[in-house]
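J.: My questions will all concern the structure given below.
Only the coordinates and a few stated rules stand behind these numbers; no lab work does. All of these numbers come straight from a predicted model, not from anything done at the bench. All Cβ positions, glycine included, derive from the backbone under ideal geometry; neighbour counts span all protein chains shown.
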Amino acid sequence: MGIAAESAGDIAADWEAALAALSWQLDAGVDEVLGDAPVDRYALAPASTRAAAAPALVRPAGAEVPEGDAVAAARAAASSARTLDELREALAAFRHCELKQGARTTVFADGNPKARVLILGEAPGREEDLEGLPFVGRAGQLLDRMFAAIGLSRRSPDAEAALYITNVMPWRPPGNRDPEPLEINMMRPFVERHIALIDPQVVVVMGNTPLLALTGNRGILKARGTWTQALGRPMLPMTHPAYLLRNPAAKREAWADLLALKAHLA
Ligand code: URA
């Protein structure tokens, strides 16, 4: 009995300790589990000798892919997709982007493929990664309200009033960090093919990542509201709804951009 009571006490103590460790990690900002087993990084070899071994978490050791090869592989995979379903499958089968290993889902797109307006965002966040759909978190809810104000919706069956929504990155970057240039380069062929298959009248790029992917430039705050051409069609850069949540004063300019889009479509 004494032993049983002691074991129960030990279990309770272990449970309390595990709970405390978990809550400490949450406080420190840890919001993702990337592997089943802990990694003692202090026991790893020094950084100089680690480069080949570290990516084993995400790709078999020795399978490093030079940037050119990964981009060429993306180009080949994307260009062979003749339909949206084939493009979705090509993305799901693409193995060169490490972000995929840490993501729960491949977030492809949402909305009406016949829409006149295609919205290109940055990358899935936590909610999008869980649901497998773009722009479903707080920023996405704001995006839906913004476009509803000019009569456009991802749920509309009517092409005239519909939206099609996708992102440059189909996989959530850890901690919602910005996608890196190599990651954007790898995804650009898929984005270009995606836009060609949807064939929208207008592309709205929301934020720096899609602006960079389609024009090679950053600086969304300067570019927003100025129509330009990308991939042979009109493109309107707008500030990202997450930026508008942090900077409500910028909603005024976003509203002007929405009205410009409405006028363009009319
Ligand atoms: N931000 C984006 O750019 N895309 C999403 O899908 C969600 C948030």
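J.: May I ask you to list the lysines whose Cα is less than 23 Å away from that of LYS222, ignoring any residue fewer than eight positions away on the same chain?
T.: Reachable lysines: LYS251, LYS262.
J.: In addition: Going 7 Å from the Cα of ASN176 along its beta-carbon direction, which residues of region 127-154 have the amide nitrogen within less than 14 Å of the resulting point?
T.: The answer is 127-130, 135-143, whose backbone nitrogens lie closer than 14 Å to the label point.
J.: When the chain is fully extended, how far beyond the present Cα-Cα distance does ALA76 get from ASP158, taking 0.36 nm per residue of separation?
T.: Contour length minus the Cα-Cα distance gives 26.2 nm.
J.: Among residues other than ASP158 whose Cβ falls under 15 Å from its Cβ, what is the net charge (Lys/Arg +1, Asp/Glu -1)?
T.: Value of the local net charge: +3.
J.: Can you bin region 76-171 into rounded, prolate or oblate? Criterion: square roots of the alpha carbon gyration tensor eigenvalues sorted a ≥ b ≥ c, rounded for a/c under 1.5, prolate for a/b above b/c, oblate for the rest.
T.: Oblate, since a/c reaches 1.5 and b/c is not below a/b.
J.: Here's a follow-up. Pop a pseudo-label 7 angstrom from the Cα along the beta-carbon direction at both LEU231 and GLN25 and give the gap in nm to one decimal.
T.: It works out to 3.8 nm between the two label points.
J.: Which lysines, on any chain, are close to LYS100 with Cα under 29 Å apart, when same-chain ones fewer than 8 places away are left out?
T.: Within the straight-line limit of under 29 Å, LYS100 reaches these lysines: LYS114.
J.: Further, regarding this structure: Mind giving me the nanometre distance, one decimal, between the label points for ARG126 and ALA18, set 7 Å out from Cα along Cα→Cβ?
T.: Output for this residue pair reads 2.2 nm.
J.: Figure the gain on full extension for THR215 and LEU259 (residue separation times 0.36 nm, minus the Cα-Cα span) and round it to one decimal in nm.
T.: Stretched fully, the THR215-LEU259 segment lengthens by 13.5 nm.
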